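These notes are about the structure you will find just below.
The values are calculated or read from the model by the stated rules, or taken from the named source; none is laboratory data. From a predicted model like this one, the values you see are computed outputs, not experimental measurements. Positions of Cβ are backbone-derived with ideal geometry, glycine not excepted, and every protein chain shown enters the neighbour counts. SASA here: full protein model, heavy atoms, side chains in, ligands and nucleic acids out. Shrake-Rupley method; radii C 1.70, N 1.55, O 1.52, S 1.80 Å.
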Amino acid sequence: MERIPILKLGKCLIVSIQVDMDDGTAITLQDDLTEKIVRHRAKGVLIDISALDVVDSFIGRMLANTAAMAHVLDAETVVVGMQPSVAITLVELGLSLKGIRSALNIEKGMELLRGIDDVPELANADEQH
Amino acid sequence: MQTSSTEVVQVGGGGDVVRVRHAVRKAAIDLGFSLVEQTKIVTAASELARNMVDYGGGGTTTIESLLDGNRKGLRLIFKDDGPGIADVQQALRDGFTTGSGMGLGLGGARRLSNEFEIDSAPGKGTRIAITRWKGIV
Ligand SMILES: Nc1ncnc2c1ncn2[C@@H]1O[C@H](COP(=O)(O)OP(=O)(O)O)[C@@H](O)[C@H]1O
Ligand SMILES: [Mg+2]
């Protein structure tokens, strides 16, 4: 089974999914992300799905679960780069992904997360560690 | 109606769901499906192939490229010899699951296809055939 690499940049974790994931790979990614959010006290998670040409209900649920889990751990998730054909298909599939923040590309997604990084309380909290 | 090509993919585990997606994508591209049409049929295929793995004990996906006059289409048949479905109408309802899924696979696959047939009964396995025609929304 493949393992999707997770990069750490400041208080953010960045994942760019470049392979068509089987269900096991998707679950591993979700678990790895959750573990790394805790370990690095991450405040933001950026998931780039621009290379994914299919998102079915399993991968959609993995994205939603990851965002929900991150939220409980006090981190924000942004999913970036969803292809228009994937977005159209997800609507017809019946998956809304309502709870997930999205951005057009990595740059816009990082802007969203940088906003979180700039919150002064977070900067203070971080200095104590 | 003519079937111009047929391919059978054995589906036993999660990795095979990815193989079904790739094989269906290729057939859809060969027929000249638009990107949205490709994505819809591949997504439907992914749902139905996963169901065979999760509930049907594995099965086969048959990919048929169809020529009907000047219509071109893709028919996919998912067949397993698993336990079958007792109440098909209930299984088709969005949100219904006996597993841990979202209950969107069957209903979603039906919406993403132009034609949808399901044949299932307890002890008889499950056969689902879906068709998408090129150029039909
Ligand atoms: N091939 C199959 N064999 C037996 N039961 C199935 C099969 N496909 C679907 N089902 C039943 O139909 C239900 C709904 O399927 P689906 O809409 O794909 O949602 P989910 O996979 O999330 O449960 C499943 O929970 C299962 O009980
Ligand atoms: Mg399903």
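The table below lists the values:
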| read-out | value |
| --- | --- |
| Subset of the range B:1-31 (residues that are open to solvent by less than 60 Å² (accessible area, probe 1.4 Å), within 10 Å of another protein chain (Cβ to nearest Cβ) and in contact with a strand residue (DSSP E or B) (Cβ under 8 Å, 6 or more places away or on another chain)) | B:D16, B:V17, B:V24 |
| Pairs, first under 24 Å from B:A91 (Cα atoms) in the range B:55-80, second open to solvent by 50 Å² or more (accessible area, probe 1.4 Å) and of a type in the set (A, V, I, L, M, F, W, C), C-beta under 7 Å, six or more apart | B:T60/B:V8; B:T62/B:V8 |
